[in-house]
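The structure under discussion appears below in the form of structure tokens.
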Amino acid sequence: MNKLLFITNALMAIVLSRFAISKLTGWEISVKAFIEMAKPLGIDPTFFRIATGILISVVVIGYLATAIFSLVKNNAITKFNIPFSEWAFYANLLGLLTMVGALIAEYTLRIEPKMLLVYIALGIVLLSSLNIFILNRKQKVIINKL
């Protein structure tokens with residue numbers, strides 16, 4: 001089970017890191033996309049792009065930390081005293097919600113959705129949902145805390 005959590009979280013972190021980098025460094029394709037998506041919202045596209053890049057970076061860090069912690073025998077994050085299952089649950093929940101937001105943005109803010117981005121977001125939603133399901137079966141008290 002921890003191997004599956006490691007593989008899925010590492011894979012999602014690797015995929016999303018490309019998008020975080022492109023947004024934070026201002027790749028031309030990202031700049032153009034955010035100019036298009038910011039128009040309907042009436043906000044500054046640079047702010048929108050950088051804020052999205054920061055959010056995706058946080059998700060990447062959550063996924064990477066979950067992957068690393070899944071390999072560690074001690075199931076508590078010692079410095080913060082957070083149980084691994086809770087950390088992994090919240091990291092995957094944040095990733096899932098972020099990708100749902102990305103899907104909504106693709107279909108409502110773009111003139112024509114980029115299907116590759118839609119498929120990537122759907123894949124991350126599915127993998128995060130799978131991880132949450134696995135973690136919830138492993139420790140049923142997580143959902144009850146919400």
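The values are calculated or read from the model by the stated rules, or taken from the named source; none is laboratory data. Computed from a predicted structure; not experimentally measured. Cβ: placed from backbone, ideal geometry, glycine included. Neighbour counts: every protein chain shown. Heavy atoms of the whole protein, side chains included, go into the accessibility calculation; ligands, DNA and RNA do not. Shrake-Rupley method; radii C 1.70, N 1.55, O 1.52, S 1.80 Å.
Values for this structure:
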item	result
Theoretical ellipticity at 222 nm over the chain - DSSP helices of four or more residues, -39500 (n - 2.57) apiece, nearest 500	-28000 deg cm²/dmol
Surface share of carbon and sulfur [accessible, 1.4 angstrom probe, percent] for the chain	71
Degrees between helix 84-108 axis and first principal axis of the chain (Cα, 0 to 90, nearest 10)	20
With Cα atoms, 0 to 90° folded angle of helix 115-138 axis to the chain main axis	20
Most fluctuating residue given options Gly95, Gly123, Gly53, as computed from a GNM of the chain linking Cα atoms under 10 Å	Gly123
For region 1-144, the spread of Cα positions along each principal axis, largest first, Å	47, 26, 25
Choice from Val59, Val15, Val125 showing the highest fluctuation, given a GNM over the chain with Cα pairs closer than 10 Å	Val15
Whole-number accessible area per residue in Å² for the chain, which is evaluated in the context of all protein chains at 1.4 Å	59
Potential extension, Leu116-Ile29 segment - 0.36 nm per residue separation minus Cα distance	29.9 nm
The chain: most fluctuating residue of Ile111, Ile132, Ile124 per GNM, C-alpha cutoff 10 Å	Ile111
Amide H partners (placed H, <5 Å) of Ile82, local residues excluded	Ile77
Sites matching chymotrypsin sites (Phe, Trp or Tyr not before Pro) across region 29-135 that sit in DSSP coil, with at most 13 neighbouring C-beta atoms within 10 Å	Phe80
Tilt relative to the chain, helix 45-71 - C-alpha long axis, 0 to 90 degrees, to 10	20
